[in-house]
Amino acid sequence: MIERDDGLITANDAARYFSEPAQWSALDRWAWEQAEGRILDVGCGGGRHAVEWVTRGHEVVGVDPSPGAVQITRERGAKAVVGSVPSLPEGLGEFDTIALCGASIGLLGGPEQAPQILSALAEVTTPGARLIGTGTDPGDGAGTIHADYHLWNLSRGRARGQLRLRVRDGAVATPWFDYWLASPDELTAILDRSAWTLETLDRDPTGSGYAVSLRR
């Protein structure tokens, strides 16, 4: 169950977090295939992407704030540690690829948090490293149940698609956190305040998703 701070509650099937490449979106498969060298999988969850990289011979370290998710990723054969951005665990070493797959561009949090998070990720990379990931353009929400929420965000100085969420399973819930549905224009705007430059940005011609490749 995903709760939003305006009271909206949605239910999701956790099976999608264990899906195989053939079941991923075309954009997510493209982003995943761009990974090079040693990979940091940010928000690794149960290892959906990390495990598949390991089968390709990559060295991967997953990072996730959920101890349970980290345990599952390890049990499935990939390295993982408990942690989150921007306060990454010490001793991770350097990476050739930072991965924010599975729409994890949202983990940048919002326009104010994103530069700090991007800086923290740059600090654990090799020169010329790549950041790959997928995100979702929130649009204007017109004609959807999200329209009023977008307007509420704007009225309180937040980005239109900046969500305040927590995840619940029964009586257990995560702390509240920000998850940013950034438009491509919003994302590229904050890159000017980071160590990253835009290499490619490809949109889903039939939907709201997009994939990006950034270069340090």
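The values are calculated or read from the model by the stated rules, or taken from the named source; none is laboratory data. Fair warning: this is a prediction, and the values are worked out from it, not measured in the lab. Please note: Cβ atoms are built from the backbone with ideal geometry, for glycine as well, and neighbour counts cover all protein chains shown. Ligands, DNA and RNA are stripped out before the accessible areas are found, and what is left, the full protein with its side chains, is counted by its heavy atoms. Shrake-Rupley method; radii C 1.70, N 1.55, O 1.52, S 1.80 Å.
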* Asked: On the given criteria, is residue 183 polar (S, T, N, Q) and modelled with pLDDT under 95?
  -> no
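This table checks each residue for (1) open to solvent by less than 30 Å² (accessible area, probe 1.4 Å); (2) assigned to a helix (DSSP H, G or I); (3) among the aromatic types (Phe, Trp, Tyr).
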| site | (1), (2), (3) |
| --- | --- |
| 106 | yes, yes, no |
| 115 | yes, yes, no |
| 141 | yes, no, no |
| 160 | no, no, no |
* Asked: With (1) under 30 Å from residue 38 (Cα atoms); (2) in contact (Cβ under 8 Å) with a residue 40 or more places away in the chain as the list, and residue 145 as the residue in question, which single condition is left unmet?
  -> (1)
* Asked: Looking at residue 99, is it in a strand (DSSP E or B), surrounded by 23 or more Cβ atoms within 10 Å (Cβ to Cβ) and at negative phi?
  -> yes
* When you look at residue 16, is it surrounded by fewer than 20 Cβ atoms within 10 Å (Cβ to Cβ), modelled with pLDDT of 95 or more, charged (D, E, K, R) and assigned to a helix (DSSP H, G or I), yes or no? -> no
* To do: Can you run down the residue pairs with Cβ atoms below 7 Å, 6 or more apart or on separate chains, where the first is in the range 63-78 and over 21 Å from residue 93 (Cα atoms) and the partner is assigned to a helix (DSSP H, G or I)?
  => 76/51
* Scan the range 165-216 for residues that are open to solvent by 70 Å² or more (accessible area, probe 1.4 Å) and touching an Asp or Glu at 6+ places or on another chain (Cβ under 8 Å) and jot them down. => 176, 203
* Asked: Can you name the strands (runs of 3 or more DSSP E) wholly within the range 163-215 that have at least 1 residues being of a type in the set (Gly, Ala, Ser)?
  -> 209-215
* Name every residue in the range 15-55 that is free of Cβ contacts under 8 Å to residues at least 12 places away in the same chain and either in contact with a helix residue (DSSP H, G or I) (Cβ under 6 Å, 6 or more places away or on another chain) or more than 20 Å from residue 209 (Cα to Cα) (or both), in order of residue number. => 15, 29, 55
* To do: Test each condition in (1) touching a His at 6+ places or on another chain (Cβ under 9 Å); (2) surrounded by fewer than 20 Cβ atoms within 10 Å (Cβ to Cβ) for residue 92 and report the one that comes out false.
  => (1)
* Asked: Which residues, taken from the range 46-70, are open to solvent by 20 Å² or more (accessible area, probe 1.4 Å), over 19 Å from residue 34 (Cβ atoms) and assigned to a helix (DSSP H, G or I)?
  -> 67, 68
* Asked: So is residue 152 in contact with a Lys or Arg (Cβ under 8 Å, 6 or more places away or on another chain), open to solvent by 80 Å² or more (accessible area, probe 1.4 Å) and not β-branched (Val, Ile, Thr) or not?
  -> no
